[in-house]
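Only one structure is covered here, and it is reproduced in the block below.
Just so you know, all these numbers are worked out from the coordinates, no wet-lab data involved. Just so it is clear, the structure is predicted and the values come from calculations on it, not from any experiment. Methodologically, a virtual Cβ is constructed for each residue, glycine included, from the backbone with ideal geometry; neighbour enumeration extends over all protein chains shown.
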Amino acid sequence: MLMDNMAYLDKIAESNRPAKTTSLLPFSISPKILIGIGIVIFVLFAIMIFGSIFGGDKNTEKTLLDQISLRSENLGKTIDQYNKNVKSSKLRSMGSSLSTVLSETSSRSATLLAENFDSKKTDKSLEENESAYIEEVNTVLENARLNGLLDRAYVREMTYQIGILLSMESECSSKSKKTDVKDFLTSSMSNLDSLYTEFSEYSDETN
């Protein structure tokens, strides 16, 4: 009888013990939470995969060199259009010097594109973006001209545009492994840097 009672009590105790688990975690996690975590991990992984396939660095060496060529050519045309309306003789001289450097930069970068890259044709969207960009610059200068404030706007705009072009050339140089491209960019940056200093330090007192 005693054995029967002990067996009976053992059976009750066994039924009230928690089920054994093979989890390595010291705590239990709801299945819904586990599913949620799995979905999040999957989404993040998918984003990484698609990002690596379709993303990437769009500012390749060729694209930057293409942009430098277009930007220099377009900006040179803008200078030629408005330089004659600038009142300050010193500022006109600075503009002429900048126009010469931009012409050389545009021509040389176009030559390097033809010599170093299989795809020589400029991307259509890049041409459109650059055209729209220079139109905005021209609008600023034209409004300033109509309001008798061209010299002030000209200095400010050219200083800014030289800075942007220097940034493009610096990025292109850092990505290029071609000696001729790097040499060209080093020379162009040196010329532009000198002009950047002139424009940024220009004062109306020099009129």
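Loop-only check: which trypsin sites (Lys or Arg not before Pro) in the range 126-207 are DSSP coil with at most 10 other Cβ within 10 angstrom? Sites meeting the loop and neighbour criteria: K177. Between S89 and N138, take the C-beta separation as r, use R0 = 25 Å, and let me know the FRET efficiency to the nearest 0.05. Here the calculated transfer efficiency is 0.60. Of the chymotrypsin sites (Phe, Trp or Tyr not before Pro) found in the range 150-207, no site is in coil according to DSSP while having at most 12 other Cβ atoms within 10 Å of its Cβ. Close Lys pairs in the range 61-206, defined as Cα atoms under 26 Å apart and 8 or more places apart or on different chains, number 26. The simple Förster model, with R0 at 35 Å and r as the Cβ-Cβ distance, assigns F117 and N147 a FRET efficiency of 0.20.
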